[in-house]
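For reference, the structure discussed in these notes is given below.
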Amino acid sequence: MSLTPEQQEAAYAPGSVSVTAGAGTGKTHMLAERYLHHLKSGYSPLEIVAVTYTHKAAAELRSRIRQTVATGAPDRFDWLAELEAAQISTFHALADRICREHPEAANVPADFRLLDELEGKLWQAEQLAIALDQLSQDLYTQVPYSLMRGAMEAFLSDPISAEDALKRRQKDWLPALKNLRQQALEDLLSHSSWQEARHVLGSCAGSTGDKLEGMRQTAIKAIATIENENDHENNWENALLSALTAISGLKINCGSQKNWQSKALLESVKESIK
């Protein structure tokens, strides 16, 4: 299979190349051709590193490279022999090899072993619990334990982004947070459940003094506060917080059927408040 002009440009580029493409677009084929290009440029298979994420992908890449070399350089039996020992593997396998060959530089014991996926998760959970227990109790007065644990788990899942994020000050992330909050509010107000509940609560009413009717009126007032952002100017955030707090405190285990036109109407109001 021949390369497209774009693939040729990537495969034979003299310097570093970054290729972004979807599944089934020929990335592995292009990588194999680039591997052969490096061989023809004077490198040995023992001097080239090719890594991917999974064992299956690594095996496929090795097979494709072997096939490409056999077709593109059939007389280079030395390349084909060296390919069997070439570093064509997963990232983890490459790291394992580096650590075993240079344990002192990698700061690991010479007899270390790799944890499998389950063992790794269990070890990380255990170490995280230990670390959280060692934090000052004063921190937990500001950030609840469950939120602290969730944040730390998020940091550990993407340490590179976490390191970058933790270098930033409040002024750096407040604008982004404001935009996210605004988008969340817009998503809420445009949601079909919100629209339907708003319509029901605004068009139905029970008798004065009924507890559920009081809840309905509180909900209607909170909805109006949330939807009329421009009416509050500088006090908008406080008004929004108060309105959302009021909604979260609504109860539906109240209301007397005799104070409503029908049981169906009573249940509809309860469902809308919920």
request  = Of all alpha-carbon pairs in the stretch 152-207, indicate the percentage at a distance above 15 angstrom.
outcome  = 69 percent
key: Dipole magnitude of the stretch 63-186 about its Cα centre (Cβ charges: Lys, Arg +1; Asp, Glu -1), debye to nearest 20   = 640 debye
note = Once Lys and Arg are counted +1 and Asp and Glu -1 for all other residues with Cβ under 14 Å from that of residue 3, the total becomes 0
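Using +1 on the beta carbon of Lys and Arg, -1 on that of Asp and Glu, and nothing else charged, what's the dipole of the stretch 129-263 about the Cα centre, debye to 20?
About 520 debye.
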ask   = Relative to the compact globular guide of 2.2 N^0.38 Å, what is the alpha carbon radius of gyration of the stretch 130-268, as a ratio?
value = 1.47
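Using only the Cα atoms, work out Rg/Rh for the stretch 20-99, with Rh taken as the Kirkwood radius, to two decimals.
In the stretch 20-99, Rg relative to Rh is 0.96.
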request  = Return, for the Cα atoms of the stretch 110-196, the radius of gyration and Dmax in Å, separated by a comma.
outcome  = 18.6, 65
note = The simple spin-label model distance between residue 163 and residue 182, using points 7 Å out along Cα→Cβ, in nm, is 3.3 nm
key: Alpha carbon centroid spacing (whole Å) that separates the stretch 50-127 from the stretch 240-256   = 58 Å
query = When the chain is fully extended, how far beyond the present Cα-Cα distance does residue 268 get from residue 242, taking 0.36 nm per residue of separation?
reply = 6.9 nm
remark   = What the Cα atoms of the stretch 193-274 span along the principal axes, largest first and in whole Å, is 43, 21, 19
inquiry  = Under a crude label model (7 Å from the Cα following the beta-carbon direction), how far is residue 85 from residue 192 in nanometres?
reply    = 6.5 nm
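Where in the stretch 48-155 are there trypsin sites (Lys or Arg not before Pro) that are in a DSSP coil and have at most 14 other Cβ atoms within 10 angstrom of their Cβ?
When the trypsin sites (Lys or Arg not before Pro) of the stretch 48-155 are filtered for loop state and at most 14 Cβ neighbours within 10 Å, 113 remain.
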task = Quick one: net charge around residue 35, please, counting Lys, Arg +1 and Asp, Glu -1 for every other residue with C-beta under 11 Å from its C-beta.
result = +4
request  = Mind checking which of 3, 162, 109 is farthest towards the positive end of the chain's charge dipole, using Cβ charges of +1 (Lys, Arg) and -1 (Asp, Glu) about the Cα centre?
outcome  = 162
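For the chain, what is the charge dipole size about the Cα centre, in debye to the nearest 20, if Lys and Arg each add +1 at the Cβ and Asp and Glu each add -1 at the Cβ?
Taking the Cα centre of the chain as origin, the dipole is about 840 debye.
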ask   = Calculated FRET efficiency, residue 78 and residue 49, Cβ-Cβ r, R0 22 Å, to nearest 0.05?
value = 0.70
inquiry  = Please compute, for the alpha-carbon atoms of the stretch 34-190, the extent along each of the three principal axes and give them in descending order in Å.
reply    = 70, 47, 27
ask   = Lys/Arg Cβ at +1, Asp/Glu Cβ at -1, dipole of the chain taken about the Cα centre: which of 142, 29, 53 is farthest positive-ward?
value = 142
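Net charge near residue 52, counting Lys/Arg +1 and Asp/Glu -1 over other residues with Cβ under 12 Å of its Cβ?
Local charge sum for residue 52: +3.
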inquiry  = Using C-alpha positions alone, give me the convex hull volume of the chain per residue in cubic angstrom.
reply    = 272 Å³
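Readers should treat all values here as calculations from the given coordinates under stated rules, not as data from a laboratory. It should be emphasised that the depicted structure is a prediction, and the values quoted were computed from it without experimental measurement. Using ideal geometry, Cβ is built from the backbone for each residue, glycine included, and neighbour counts are taken over all protein chains shown.
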